[in-house]
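These notes concern the structure reproduced below.
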């Protein structure tokens, strides 16, 4: 029996049942009744196996916000929007440009960047970009020690569609899953920005596209790290690439280059067009009327807002999940 392979025990159970029944001569039970009872036991076991497989295939997920300590306004705005998320939410304190020397590997700084006080305004802007990349890398290192299967990483200047989590849930259950890293609703020449039409390039032509949601292969035409969805298995490869890369670009450029460069870190990177998120400065087919005005003021770049009143599908599940403090 050790050399045989059975799927979910469905073949093994009937064999064992028939062996136990034998001819019925040694039992004071009607074999027909015993067979019915065996069938019932088999079906119960099969159903239990099916449920167990289904439950174990559901990925565990957590959300992580990268937010500068001094930007409480953006923190409150994100906290307000994510109180409806169906997953635990955590805040990661972003690294500021003037902290790169202290909190990032030495090769993040060029020689002319080591004296922060002498850096020009343009140079400081570049340094802040490196700080964002370093923040992502340091966060990803921490995520490697967590138990979840998938991590959602947000920047702190995004607007979420009112039914974002319902659509994301549909995508996970019915959409294309041939990816390890997703840049969600990117902008750029092949993304959505100021009403431009994106160029389709499916990561897998056989993938389903529920409600128009699709996954394209990630290219240089996609930009934006405002919402990244990353499988845990891909994180060590991303961290290794960023650590070894001589050009510490913004995180979205680094990921694109990682899969198209000579390094080829061998992850399935996609642009996920789910139509659920955007930066405040870009347009979409949906408005932000549902986002609380007092929580997302003009200081975070917010516009087109009014208090929401509608309930969401996941409201009931939110109360027991972690939600960060600002």
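The values are calculated or read from the model by the stated rules, or taken from the named source; none is laboratory data. Remember, predicted model here, so these are calculated numbers, not experimental data. A quick note on method: Cβ atoms are made from the backbone with ideal geometry, for glycine too, and the neighbour counts reach across all protein chains shown.
Within the range 238-291, the residues that satisfy the criterion of being assigned to a strand (DSSP E or B) and within 20 Å of residue 152 (Cα to Cα) are 269, 270, 271, 272, 273, 277, 278, 279. Can you name the residue in the range 130-164 that is part of a loop (DSSP other than H, G, I, E, B) and in contact with a helix residue (DSSP H, G or I) (Cβ under 9 Å, 6 or more places away or on another chain) and is also nearest to residue 276 (Cα to Cα) among such residues? The qualifying residue nearest to residue 276 (Cα to Cα) is 161.
Yes/no matrix, rows are residues, columns are (1) part of a strand (DSSP E or B); (2) surrounded by 15 or more Cβ atoms within 10 Å (Cβ to Cβ); (3) modelled with pLDDT of 90 or more:
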site: 173; (1), (2), (3): no, no, yes
site: 178; (1), (2), (3): no, no, yes
site: 182; (1), (2), (3): yes, yes, yes
site: 195; (1), (2), (3): no, no, no
site: 204; (1), (2), (3): no, yes, yes
site: 207; (1), (2), (3): no, yes, yes
site: 228; (1), (2), (3): yes, yes, yes
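With respect to the conditions (1) within 14 Å of residue 185 (Cα to Cα); (2) not in a loop (DSSP other than H, G, I, E, B), residue 221 falls short on a single one, namely (2).
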